[in-house]
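Colleague: Before I ask anything, here is the structure I am working with.
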Amino acid sequence: MAGYVALSSILIISTVILVIGISVSLLSISESQLSLGEKKNEETVDFVEGCVEDALLELNNLGSISSTITLLEGTCSVTIDSQSGNDWTFTVSGTQDSHTKNIQVSATRDTSVTVTSWKQVE
C-alpha cells in the first residue's frame, strides 16, 4: 500500500511540474513574439521617418517631392495630399517585414522648410 501511495504521489507531482513547465515555456514564447513585433514596428517607424526626412530635404532643395524615396532599408511611397502656394501636406508610407507605417507631414516652404505637423496615421 505504501508503494502505491508513493507512486501515485510521484505521478501527481511530476504532472504538476510538467504542466507548470509547459505554461512557463508558452508564456516565454508569447512574450518573445510580442517583443519582436514591437521591435519590428519601431524599426518600420524609424525607416519611414528617414524617408520623411529625405522628402523634406527634397522639398527644401528642389521645391518638390518625388513619389518614391529610396533608402538603404527600402523604398517608401510619397503621396501629396495637398499643395497650395508654399504649404504642403504629404503622406509617406513604408513597409518592412509586413509592418506598414504612414506618416503625414504638413510643412511650409519659404526660404527654408518649416514643419507644422508630423503625425503617424492609419
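A short reminder: the numbers here are calculations on the coordinates, not readings from a lab. Everything quoted here is computed from the prediction, not taken from an experiment. Cβ atoms come from the backbone with ideal geometry, glycine included; neighbour counts cover every protein chain shown.
Colleague: Of W118, W88, how do they rank once you tally other Cβ atoms within 10 Å and put the fewest first? Please report the intermediate quantities before stating the final value.
Modeller: On the way: W118 13, W88 24.
Ordered from fewest to most neighbouring Cβ atoms within 10 Å, W118, W88 come out as W118, W88.
Colleague: Let me ask something additional. Could you grab the relative contact order for the chain? Cα pairs under 8 Å, six or more apart, rounded to a whole percent. Walk me through the numbers before you get to the answer.
Modeller: Numbers: 153 pairs, mean separation 20.8, N = 122.
Contact order relative to length: 17 percent.
Colleague: Find which of T91, L59, I17 sits farthest along the positive direction of the dipole of the range 1-91, computed with +1 on the beta-carbon of Lys and Arg, -1 on that of Asp and Glu, about the Cα centre.
Modeller: I17
Colleague: So what's the net charge close to S112: Lys and Arg +1, Asp and Glu -1, counting the other residues with Cβ under 15 Å from its Cβ? Each step should come with its number before you reach the end.
Modeller: Numbers: positive: R109; negative: E53, E58, D87, D110.
Taking every Cβ under 15 Å from that of S112, the sum is -3.
Colleague: Express in % the proportion of alpha carbon pairs of the chain at distances exceeding 24 Å. Don't skip to the end; give the middle numbers.
Modeller: Values: 3661 of 7381 pairs.
That fraction is 50 percent.
Colleague: Something else now. Mind putting a number on the dipole of the chain about its Cα centre? Charges go on the C-beta only, +1 for Lys and Arg and -1 for Asp and Glu, and I need it in Debye to the nearest 20.
Modeller: Roughly 480 debye, rounded to the nearest 20.
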